[in-house]
1. Please name all residue pairs, on different chains or six or more residues apart, with Cβ atoms under 7 Å, provided the first residue is in region 167-189 and is charged (D, E, K, R) and the second residue is surrounded by fewer than 16 Cβ atoms within 10 Å (Cβ to Cβ).
2. Which of the following residues is touching a residue at least 40 places away in the same chain (Cβ under 8 Å) and surrounded by fewer than 13 Cβ atoms within 10 Å (Cβ to Cβ): Lys105, Lys72, Lys110, Lys63?
3. Looking only at region 152-197, count every residue that is closer than 21 Å to His115 by Cα, aliphatic (A, V, I, L, M) and buried (at least 20 other Cβ atoms within 10 Å of the Cβ) and tell me the total.
4. What's the number of the condition Val125 fails, among (1) at pLDDT 95 or above; (2) within 22 Å of the chain's Cα centre (by Cα); (3) of a type outside the set (Gly, Ala, Ser)?
5. Condition check: closer than 19 Å to Leu98 by Cβ, in contact with a Lys or Arg (Cβ under 6 Å, 6 or more places away or on another chain) and surrounded by 20 or more Cβ atoms within 10 Å (Cβ to Cβ). Does Val144 satisfy that?
6. Give me the pairs: first residue in region 117-138 and farther than 19 Å from Phe194 by Cα, second residue surrounded by fewer than 17 Cβ atoms within 10 Å (Cβ to Cβ) and among the β-branched types (Val, Ile, Thr), beta-carbon distance under 6 Å, and six or more apart or on different chains, which are they?
7. Return the residues of region 98-121 that are in a helix (DSSP H, G or I) and of a type in the set (S, T, N, Q); say none if nothing qualifies.
8. I'm checking my understanding of the structure. Among residues of region 79-97 that are outside any helix (DSSP H, G or I) and in contact (Cβ under 8 Å) with a residue 24 or more places away in the chain, which one is nearest to the chain's Cα centre (by Cα)?
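The values are calculated or read from the model by the stated rules, or taken from the named source; none is laboratory data. Not measured: the values here are computed from a predicted model. Don't worry about glycine lacking a Cβ; one is built from the backbone with ideal geometry, like all the others, and counts go over all protein chains shown.
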Amino acid sequence: MQLLRENILQHNRTNAREERRHSGLLLLPKVQGEYRLFQERLAEAKVDSVLRKKRKGPLSSAKPQTTFSFLKPETVKRGAVGEVLARFERKGFHFRELMLHHITKSEAEKLYAVHRSKPFFQELVDHVTSGPVVLMVLDGPNAVDTVRRMVGATNPMEAVPGTIRGDLSLSITANSIHASDSAESVKKEASIFFPNLD
């Protein structure tokens, strides 16, 4: 009886060793797969490290900024307001101010005062006062330059497809949207419509 008990215990120990060995072998492919994944992530981290050293600052270093823009009467009339606003939202801009407004002649003359001596001045004034517009003040990283790039070239025939003017306009005067070209312009132009803007 004692001999039988010892044989059973010995058999159980052998089976337990075999099971541990076998389960270790089963885990081997999983461990190897995790090791490969670890190596891939390590390689990506090394590439990221090199890229971080090459750029001048962290990715989040873009300066928060405010810009002014408005959708011209033809954009409102054609029902393209939602499409343009959605582009700005998808890009990550925050609308600080958003207002449907009918620009007066006085406001238009202040807005385009820099063009007063040019032959197209009156055409600009007449156009932006011809119907309601959507005024907006947007906040976001490098807002002035980013919005200008999204808007595209003043002449829609030269604007790249994918830009607002490249996709939605055919005329230089009726070119869908106006966007301030500098931080100074933002202050001057936005204050015409939003005098209490800080």
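1. Cβ pairs passing all conditions: Asp167/Pro161.
2. Lys63
3. Residues flagged as closer than 21 Å to His115 by Cα, aliphatic (A, V, I, L, M) and buried (at least 20 other Cβ atoms within 10 Å of the Cβ) within region 152-197 amount to 4.
4. (2)
5. no
6. These pairs meet every condition: Glu123/Thr173; His127/Thr173.
7. Within region 98-121, Ser106 is the sole residue that qualifies.
8. Going through region 79-97, the residues outside any helix (DSSP H, G or I) turn out to be 79-80, 92-97.
Narrowing further to those that are in contact (Cβ under 8 Å) with a residue 24 or more places away in the chain: 80, 92-97.
Working: Ala80: 20, Gly92: 4, Phe93: 7, His94: 10, Phe95: 13, Arg96: 16, Glu97: 18 Å.
If we take residues in region 79-97 being outside any helix (DSSP H, G or I) and in contact (Cβ under 8 Å) with a residue 24 or more places away in the chain, then Gly92 is nearest to the chain's Cα centre (by Cα).
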